[in-house]
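Worksheet: one structure, shown below.
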Amino acid sequence: MKLKSKLKIDYFVTKHQRTNSFHKNGSTAAAAASWKQRQGAGDLEQRQAAATAIWKQRQELRSDASATAIWKQRQGAGDLDQRQAAATAIWKQRQELRRCTQIIFATMSNSCHQMEEIKTLISSNSTPNKSFGYSSLLHFQEQSNSDPSSIQVLAQSSRCLIGSIVADIFDDDEEIAAQALKCLGFMIYHPSIVATILVDDTGLIFQSLTKLIMGTKMKSVCNLGVWCISIQQLDASFLAAHFHLLLRAVVHALDNPIGSLSTTFEAIQAVMKLATQLSEKMRELSHIWAPSICRRLLTIDKKERDMSERCLLKIKSIIFPPTLALSKALIEDMKQKLLSGMKDLINQGMKVQTMQAWGWFIRFLGSQAMKKNRQLINDMLKIPELTFPDNNPQVQIASLVAWEGLIDNLIHLPILPCETITAMEIGIQKVKTPRGNVHDIQENGFPKRIKLIMTPLAGIISSKCDVSVRSSCLNTWCYLLHKLDTSINCPSVMKLVVDPILEAVFQIGPDSKNIWLWNLCLELLDDFILAKCKVVDCDKNGQATHQLSTTPSMLGPSISSKYSWKQYPIKWLPWDCSQLDFFINIINVITRHVSVAEVSCDDRNLAFDAAIRIFRSVLKGVQMEFRNMSIEYKDIMLCLNSILRSLKNICEDLHLEGSGSNELHHASLLFVEVATEELHPSILGSPLYKVALDLKYIENLCSSNDIKLAKVLGISDITYMDMVSPVVYLSVVYICVLVKSTLNTPKMEFVLQQSHKYFKFIFSSYDPLEVLHFSTSLLYKDIRYQYLQIWMAITKGLKDWIDSVKDHSLFNMESDSTSYHVICHLLSYPFFICTCRSQNSTMIISSLEDSIVPSQRTLELEHVTEVWKSLYGSVSIPKLECPTRNSFPEDLCSILNGCLDDYTSMLECSNEIDSSYKELDLNLLSLSGEVVMCVLEHAVTSDVNSRSTKSQGGRYRISSDISNIMGFAAR
């Protein structure tokens, strides 16, 4: 039988080739005659359309022929080559027309004739003829993919063919049934043929397929029957009318009574197809077909597990969250076999596969079913308890991925409506959350669920496990943040969810192994901070949506979206001052770790840059809050106290832990500079806001010079817990950090330049006298020679401000003014350093020996002299002096004479003078000489200017006003 079939196939193919050859090689007349002989085959409309196309092409050629005749009449014009090229083109076009005509005639005749022969063969009662007919039909369908006319022939014959094919799929001959099913699959797959199938035919097809799948004992026939369902492209309305029939057939195949893996594969493909076409109906009846797929997740066969999981991944949007019926069905399976099956897999060492199945099972249980089956949930939670501590990274990663299934069930938050209140005056938007929403997390056991989810995440991120495991842990954590929706902004939720992970990552530091996690957490924190600059709107459903405002990013260009958490958008809302402590705590974690741990210089700089960047961004947000007209005084004070307290802690901790590292002190100065720059002067310099000067450095200062400062120099003392303005607090902290620095390292030159700019900014933006008063008092509290560098930074900043100010009335130099005395004390400080030999003299000498070599000391003294002279020149110009009495140089020299008197008296009491004291004497002598010359020059200049404006009384003023100056010069 097979031999005869083969012979018939060979004969049919040979005949087909001959026909094609005849039509390709024959003349146009022969092709036309052949077409006329077989004009009964094919569609009348098709033949008419073909004839019309040929007639139009011939008409075009006739016009071309007319054009040729005209060309011949005028062949004398033009170039010969051009005329020959035109003639050649016309000839080629005619040949192409003849060829197209032959192909049209041959194709129409051949396809229709073949289809008639095929119909005759498959309608035959002879098994060989039927088998040959289906083989020919399969070949015809294959060739039709590249031949539109063959598709049209199939579409026209679809009803006749389907009737025969549906009858033959039940044939006892497996070969014929299989061939018929393959032909049927093509008929219900190709869109051009599907469009011609009638409703009655689809009903016949589905009924026949269902009956075949559920009744046949031939594996290949069953597989092909399910395959037809999985590839069909029929209209969804046709499928819906016979959905239960199809589902019965597919579920039968899923249960796989034959025990064939290929049958399971085809059934799963059919499930995915139906889920795509009839998603709602498949979801409603998911409890019928989904458990069969779930059971295969625990099979030993890897292919079966993989195909089941791929199916669930593709249709998870349809079945999740699961229906109550599906959850109940899976709970029964879990109690009967699935839970024990997972334990068996773990005992066999298949922990990764077990956790992959566990993740799906926990999702299928659903949130409602979990509440009523706590014992089952507790039994299921014992599975990850065995896998999370496993030493195999793959097992831990699989456990973390599966843990997201538990997150899906435990975190169910409704979409919250939001109400935006726009403050048009200041451009700030706040989001108000309605009462009774999920932010009240104390209800319904929400904190317990959060703690349950966070327990393994916090443990893994803090452990020394593989980096890939910790990365997967962060990915699961970001998924949790995403699922928490807007409730992530609740402070109590942040304390449970955000704080532990960020602290653990930042405590490790940005080393080479942790840098990816560090950057991820840093970017996530940046996004939270930047939410303050986002415009919050409500969409039509009342859900909060965010768009970046036109304000430039406070953190500079945003990092590219290369981190895994970007696939889980987190709904950060604009934060307020109540969350300030959260940011401050994170900054403290970063700075505290790098100041204590032995980390490389690059890692330390990276950490400090990140902390300062975060701090600057937070202060920008705080300043936005301060501009809010509805903010209360107590809230401003709470923010200020929190910010200043954090600065104090950072600076004191860095000094305590890293006293030998000048980089730590430099970072502390940057924190103070950022706070001074970002917070507005209306807050920092306002007399309404006073804070306690609670610095340990002030508390521990030696007060041996307090009496002298008060009585001799007339400087009011700065004491611990004084109530000062915020800008004074920042300035004192800044000076304290400078004092703690070694001041003799190469980088300190840069630090001092920055200090000069800082004090210039302070004097320009705030009340300069208040800041200068406390700064000068602080310098006098601790007498050390190297503090002259700090004095120079303050003096340069003051001098630059005086030179740039336009309204000099702001700086009153009358003898009874505060500014008058403060400037005198500031200019007296270098002499006080050189002449002070009380209880602090040993400390001065020690600082001279330890910090600066003699050559450097001489150079530094020259700088001190230049700075002193520049400031004196700025405050002594005529436009700043009192017009009635030139007393400033006289009073300054009086103070300097007092310093020299005290110094002379101490010399008389000393029996011996060592080399260090001799060095002090030389420094004092050099400084005094330069100062005398500067004061006398300005005094003479001032007197000359006064003579030019007032002719009387000039001599008396000179004789009475320069007595102290001359006395100081005589010393």
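Of all residues in the stretch 187-211, how many are among the aliphatic types (A, V, I, L, M), open to solvent by 10 Å² or more (accessible area, probe 1.4 Å) and assigned to a helix (DSSP H, G or I)?
The total comes to 3.
Which ones in the stretch 115-136 are open to solvent by less than 20 Å² (accessible area, probe 1.4 Å), of a type in the set (A, V, I, L, M, F, W, C) and touching a Lys or Arg at 6+ places or on another chain (Cβ under 9 Å)? Lay out the reasoning, then the answer.
From the stretch 115-136, those open to solvent by less than 20 Å² (accessible area, probe 1.4 Å) are 115, 118, 122, 131-134, 136; that's our starting set.
Narrowing the set further to residues that are of a type in the set (A, V, I, L, M, F, W, C) leaves 115, 118, 122, 132.
Listed by number, the residues that qualify are Ile122, Phe132.
I'd like the full set of residues that are of a type in the set (S, T, N, Q), open to solvent by 20 Å² or more (accessible area, probe 1.4 Å) and either modelled with pLDDT under 85 or under 21 Å from Asp767 (Cβ atoms) (or both), limited to the stretch 777-835.
Filtering the stretch 777-835 for residues of a type in the set (S, T, N, Q) gives 777, 786, 789, 795, 804, 809, 812, 815, 817-819, 828, 835.
Checking the rest, the ones that are also open to solvent by 20 Å² or more (accessible area, probe 1.4 Å) come to 786, 789, 804, 809, 812, 815, 818.
The answer is Gln786, Ser804, Ser809, Asn812, Ser815, Thr818.
When the residues of the stretch 249-287 are narrowed to those that are among the polar types (S, T, N, Q) and under 24 Å from Lys219 (Cβ atoms), which ends up surrounded by the most Cβ atoms within 10 Å (Cβ to Cβ)? Please lay out each step first, then the result.
To start, the set of residues in the stretch 249-287 that are among the polar types (S, T, N, Q) comprises 256, 260, 262-264, 269, 276-277, 279, 286.
Remaining after also requiring under 24 Å from Lys219 (Cβ atoms): 256, 260, 262-264, 269.
Numbers: Asn256: 17, Ser260: 15, Ser262: 15, Thr263: 24, Thr264: 26, Gln269: 18.
My answer is Thr264.
For Met334, only one of the following conditions fails: (1) in contact (Cβ under 8 Å) with a residue 12 or more places away in the chain; (2) of a type outside the set (S, T, N, Q); (3) surrounded by fewer than 19 Cβ atoms within 10 Å (Cβ to Cβ). What is its number?
(3) is the only condition that Met334 fails.
Could you tell me whether any residue of the stretch 288-297 is open to solvent by 50 Å² or more (accessible area, probe 1.4 Å) and farther than 20 Å from Pro257 by Cβ? Talk me through it step by step, then tell me what you get.
Initially, the stretch 288-297 is screened for residues open to solvent by 50 Å² or more (accessible area, probe 1.4 Å), giving 288, 295.
Okay, now just the ones that are also farther than 20 Å from Pro257 by Cβ, so none.
For the stretch 288-297, residues open to solvent by 50 Å² or more (accessible area, probe 1.4 Å) and farther than 20 Å from Pro257 by Cβ: absent.
Residues of the stretch 468-519 being part of a loop (DSSP other than H, G, I, E, B) and closer than 20 Å to Glu404 by Cβ, which ones? Give the steps one after another, and end with the answer.
Of all residues in the stretch 468-519, those part of a loop (DSSP other than H, G, I, E, B) come to 484, 490, 509-514.
Passing the criteria: only Leu484.
Please count how many residues of the stretch 355-403 are closer than 27 Å to Ser471 by Cα and of a type in the set (Ser, Thr, Tyr).
Residues that pass the stated criteria total 2.
All but one of (1) within 27 Å of Thr835 (Cα to Cα); (2) open to solvent by 10 Å² or more (accessible area, probe 1.4 Å); (3) at pLDDT below 70 hold for Pro746, so report the exception by its number.
Every listed condition holds for Pro746 apart from (1).
Are there any pairs, at least 6 apart or on different chains, whose C-beta atoms fall under 6 Å, with the first in the stretch 590-617 and over 22 Å from Thr676 (Cα atoms) and surrounded by 20 or more Cβ atoms within 10 Å (Cβ to Cβ) and the second among the basic types (Lys, Arg) and modelled with pLDDT under 90, and if so, which?
Matching pairs, first to second residue: Val594/Arg604.
The values are calculated or read from the model by the stated rules, or taken from the named source; none is laboratory data. This one's a predicted model, so the numbers in the text were calculated from it and none came from an experiment. Reconstructed Cβ throughout: ideal geometry from the backbone, glycine too, with neighbour counts over all protein chains shown. Please note that ligands, DNA and RNA were not included when accessible areas were found on the heavy atoms of the full protein model with its side chains. Shrake-Rupley method; radii C 1.70, N 1.55, O 1.52, S 1.80 Å.
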